[in-house]
Amino acid sequence: MPQKKENTYDVIILGAGAAGLMAAITASKRNRKILVLEKSNKVGKKILMSGGGRCNFTNQFINSDNFISDNKHFCKAALSRYSSQDFINMADKHNIKYEIRKNNQYFCLNSSKDILNMLLKECDNKNIKIKTLSEVESIIDLNNYNSVYTRYKLKGYFCLENIKSTFEYNCNSLVIATGGLSVPTLGGSGYGYNLGEQFSILKNTTRPGLVPFTLGEKYKDVSHRLSGVSFEIEVKHNKTIFRDNLLFTHRGLSGPAILQISSYWNPGDHIHINLLPNGNAYKIFLLAKKESKHILIRTLLNQIFPKAFVLEIENLWWKDIKNKPLIEISDKILKQIGEKINNWLLKPTATEGYRTAEVTLGGIDTNFISSKTMEVKHQPGLYFIGEVLDVSGQLGGYNFQWAWASGYSAGLYI
């Protein structure tokens, strides 16, 4: 068999994030000659910033119900082939210290750098070449030329210290691991979708996911004044329910519960927030009315909620009677207030958008992709993995696990 030219690789991977690096590591165990091209100046930027710098790298319990996709079954093959325990075993091999937090989430004890360094060490051990500041300008399909090694030709340039150095590479397998539109400052872009279009692959509508809400005039100022206040709630949209913390921000609402429900919300929809998931506010009022007749609603609720929050909602929901003791308030009014606390019907104005979204919902239509290999069904040697695909996980390590699993699945075949 003829020797490969210097600029010819078995595999070229676009994107040095979680999915791209995992695909490279997996393929390298099959002695593939691999090049990873990364557009930004650093690899794994999303890995480094995730989990508040501690990288929520997987979850103890993973199943397809934790993912959103037009094809809910697509993710099953990859997730079963590479489990969360498989990744934990790799972390153990590299002596990474981690902890299991609320909702079975795995976090690094020290720093997200531990995960990135582990992946890069695996790449170094297998002589995987990684080049940053790589701008791919064109990809040429060579499938019809029946070459031994070259199904694709890539042309572009490296931008080093404002000097452009052009490149031309050939490869047999081309892997698109360019991510989605979320957090553009960390490299998020629509480049992968553009490549899909080039090769006649449809894209399902994209929108921000795991993203804070912004609020309209009625609640905007309230949220601004309460910025930083947080407590546990239950939030519901249609049949989807999450119980976790709510966080008020300068612009609206965030916190794990809100980020989770945002992935199921559409503009114009209402959400239902139970501010007191552990109790029935109306029953609490009635009991207090019987036992502590002269207590104010504010005084009672201060025992349950942050005082700043109580001051705000009393001016919104019972301003005219805020200085009346419970004994002077009718049961009917108390029931109305209690129902607002246990079922606050809220219509967010919008989300904060891709700027702060943790994931991109939608993406490359999985009907065009093999769930076993991640290869495009009608385009030999072309693979899509990770966030660029129409598979998005809930909060809690699921998106990283999809990156590891989809990257591993492709790595077995590229």
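Worth a mention:
- Sparsely packed trypsin sites (Lys or Arg not before Pro) within the range 251-313, loop by DSSP, other Cβ within 10 Å at most 15: Lys293
- Restricting the range 57-120 to chymotrypsin sites (Phe, Trp or Tyr not before Pro) that sit in a DSSP loop and have at most 15 other Cβ atoms within 10 Å of their own Cβ leaves Phe61.
- Of Thr132, Thr366, the sequence from fewest to most neighbouring Cβ atoms within 10 angstrom is Thr132, Thr366.
- The range 213-351 - percent relative contact order, Cα under 8 Å, separation 6 or more: 30
- Local net charge near Tyr157, Cβ-Cβ under 15 Å (Lys/Arg +1, Asp/Glu -1): 0
- Relative contact order [Cα under 8 Å, 6+ residues apart], the chain, whole percent: 25
- For the range 213-351, taking Cα atoms only, Rg and Dmax work out to 15.1, 45 Å respectively.
- Exposed-loop-free span, longest in the chain, where GluC sites (Glu not before Pro) count as exposed if DSSP calls them loop and at most 15 other C-beta atoms lie within 10 Å: 162-414
- Cα-based convex hull volume of the chain per residue, rounded to whole Å³: 149
- Sparse-neighbour loop sites [trypsin sites (Lys or Arg not before Pro); the range 1-71; at most 16 other C-beta within 10 Å; DSSP]: Lys4, Lys5, Lys29, Arg30, Lys42
- For the range 112-259, alpha-carbon Rg relative to the globular expectation (2.2 N^0.38 Å, N residues): 1.52
- Fewest-first ordering of Val222, Val359, Val11 by other beta carbons within 10 Å of each residue's beta carbon gives Val222, Val11, Val359.
- Scaled against the 2.2 N^0.38 Å expected of a compact globular protein of N residues, the Cα radius of gyration of the range 323-387 reads 2.38.
- Selected from Ile327, Ile12, Ile163 as most flexible by GNM, with the chain as the system and alpha-carbon contacts under 10 Å: Ile163
We did not get these values from a lab; they are worked out from the coordinates using the rules stated. Quick caveat, the model's predicted, so the values are computed rather than measured. All Cβ positions, even for glycine, are placed from backbone atoms using ideal geometry, and neighbour counts span all protein chains on display.
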